[in-house]
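The block underneath contains the structure these notes are about, expressed in structure tokens.
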Amino acid sequence: MLAENFELIESVMLYGGLSILFALMAFAVHDVLTKNDVPLVGRVVTYGVLGLGAIGFLAKGIIEWFWLSSGV
């Protein structure tokens, strides 16, 4: 049973771990920005960059899923 689903378990754990790391990064960035009293423009740019990184990983997963389901 485990050998049959090894790739599925591995991919779920990878994406779960990456999402937890992105959440921890967001909390750390929010803490640093709050303690240093960063202006609104700086916060928007910082959260935008962090969000684009997360969207990139999400897009990679979706593209990979489409390619594997179509047999590429």
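Starting from the Cα of GLU64, move 7 Å in the Cα-to-Cβ direction to define the label point; list residues of segment 16-49 whose amide nitrogen is under 19 Å from there.
Label zone hits: 16-23.
Out of segment 1-56, which GluC sites (Glu not before Pro) are coil in DSSP terms and have no more than 13 other C-beta atoms within 10 Å?
GLU4
Convert each backbone phi in segment 8-21 into a coupling constant with the Karplus relation 6.51 cos²θ - 1.76 cosθ + 1.60 (shift: θ = phi - 60°), then list the ³J(HN,Hα) values in order as whole Hz, x for Gly and Pro.
Along segment 8-21, the couplings run 5, 4, 5, 5, 5, 5, 5, 6, x, x, 5, 5, 5, 5 Hz.
Would you calculate, for the chain, the mean residue ellipticity at 222 nm contributed by helices, counting each DSSP H stretch of 4 or more residues as -39,500 (n - 2.57) and dividing by all residues, to the nearest 500?
That calculation yields -30500 deg cm²/dmol at 222 nm.
Which residue, chosen from GLY48, GLY71, LEU2, occupies the Cα position most advanced towards the positive end of the dipole of the chain, where the dipole is computed from +1 (Lys, Arg) and -1 (Asp, Glu) charges on Cβ about the Cα centre?
Toward the positive end, the furthest listed residue is GLY48.
About the Cα centre of segment 6-70, what is the dipole size in debye to 20, counting +1 per Lys and Arg Cβ and -1 per Asp and Glu Cβ, all else neutral?
On the way: 3 positive and 5 negative charges, 47 e Å.
So the magnitude is around 220 debye.
Report, to the nearest 10°, how far helix 40-70 tilts away from the longest principal axis of the Cα atoms in the chain, using its own Cα long axis and a range of 0 to 90°.
On a 0 to 90 degree scale, this one is about 10.
How many percent of Cα pairs in segment 6-70 exceed 21 Å?
38 percent
Just so you know, all these numbers are worked out from the coordinates, no wet-lab data involved. None of these values were measured; they are calculated from a predicted model. FYI the Cβ positions are ideal-geometry reconstructions off the backbone, even for glycines, and counts take in every protein chain you see.
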